[in-house]
Amino acid sequence: MAVKVQQVLEILEQIAPPELACSWDNVGLLVDAGRPVTSIMAALDITADVVRDAAESGCELIVSHHPVIFDPLRRVTAEDVPAMLLQNGISAICMHTNLDAAPGGVNDVLADLLRIENRRDFADNCGRIGTLNVPTTAQQLAETCSRMLHTHCKFVEADHPVEKLAEVSGAGGSYLQQAIDEGADCLVTGEAAHHIAILAKQKGVGLVVAGHWGTEHPVVFALADALTERLPKEVTVAPSLADVDPYSYL
């Protein structure tokens, strides 16, 4: 039993309402190949490798976190990902900052992995802040992130135990001062500039930088599960095996 792309879009907009997206963002059905959907691939990024993976798997739709079209396109060639999607009859639905902010979205998945309790919204609703049942250190949090997120971490140690933790997936280092102002002992995020690490050290608070891909990729599995629960059982949903961290590490 096939479903229409619009039906999948309506389900996704219930999971992550588009009104939660930032005004500068580009979310929703960004590429419409006009085909019924029997197989869906979930990914953080829609890269050429992910498109090839979807095509080889017979998928008609890719659902991603990062928008496949963000800035206005002035020129499209056959090698560009949007063109590859259309050439292979694959549509693309992208949920970016709306999925960051949504209940059960990117940051709730990360907060669950970090075991943040009594949490509330933080960082323009895109992050979470709350308490830990057991005090810890930035190093221990970095070790947890490295193990659970399958990523490489760097950290600035706090000068006191970490009991209140803030997190922002992706590029959230700029929210360190807000985390400090709201009483957090440490911020876990994906990216942070050098001066943010200096600020953390000066203020004696912890900072864990676990990679953009690492802090956001877990939502792909949660998203695949959420779609599987809501779609007819004949429609298959699976994470892309080609959706990998673009960085290589020594």
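In table form, for the structure just shown:
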{"read-out": "Rg to Rh quotient for the chain, alpha carbon positions, Kirkwood Rh", "value": "1.01"}
{"read-out": "Along each principal axis, Cα extent of segment 1-73, largest first, Å", "value": "35, 26, 19"}
{"read-out": "Percent RCO, i.e. relative contact order, over segment 1-85, from Cα pairs under 8 Å lying at least 6 residues apart", "value": "29"}
{"read-out": "The chain: angle of helix 5-15 to the longest principal axis, Cα-based, in degrees nearest 10", "value": "20"}
{"read-out": "GNM top mover of 90, 46, 180 - the chain, alpha-carbon springs below 10 Å", "value": "180"}
{"read-out": "Anchor residue 154: lysines whose Cα lies under 26 Å away (excluding residues fewer than 8 positions away in-chain)", "value": "164, 201, 203"}
{"read-out": "The chain - mean residue ellipticity at 222 nm from DSSP helices (-39,500 (n - 2.57) per run, n ≥ 4, rounded to 500)", "value": "-9500 deg cm²/dmol"}
{"read-out": "Alpha carbon centroid spacing (whole Å) that separates segment 69-91 from segment 191-250", "value": "24"}
{"read-out": "Whichever lysines have a C-alpha closer than 21 Å to that of residue 233, once near sequence neighbours (fewer than 8 apart) are set aside", "value": "4"}
{"read-out": "Counted charge near residue 201, where neighbours are those whose Cβ lies closer than 15 Å (Asp, Glu -1; Lys, Arg +1)", "value": "-1"}
{"read-out": "Given charges at beta-carbon only (K, R positive; D, E negative), |dipole| of the chain in Debye", "value": "100"}
{"read-out": "Mean separation of Cα contacts under 8 Å, 6 or more apart, over the residue count of the chain: relative contact order %", "value": "21"}
{"read-out": "Degrees, to the nearest 10: 138-149 long Cα axis against longest axis of the chain", "value": "20"}
{"read-out": "Cβ-based charge dipole, segment 103-215, positive-most Cα from 153, 173, 135", "value": "153"}
{"read-out": "Relative contact order of segment 105-202, defined on C-alpha pairs under 8 angstrom at six or more residues apart (%)", "value": "25"}
{"read-out": "For segment 103-215, Kirkwood radius (reciprocal of mean inverse C-alpha pair distance, Å)", "value": "13.1"}
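All of the numbers you see were taken from the coordinates with simple rules; none came from a lab. On a predicted model such as this, the values are computed, not experimentally measured, just so you know. Cβ coordinates were reconstructed from backbone atoms using ideal geometry, including for glycine residues, and neighbour counts include every protein chain displayed.
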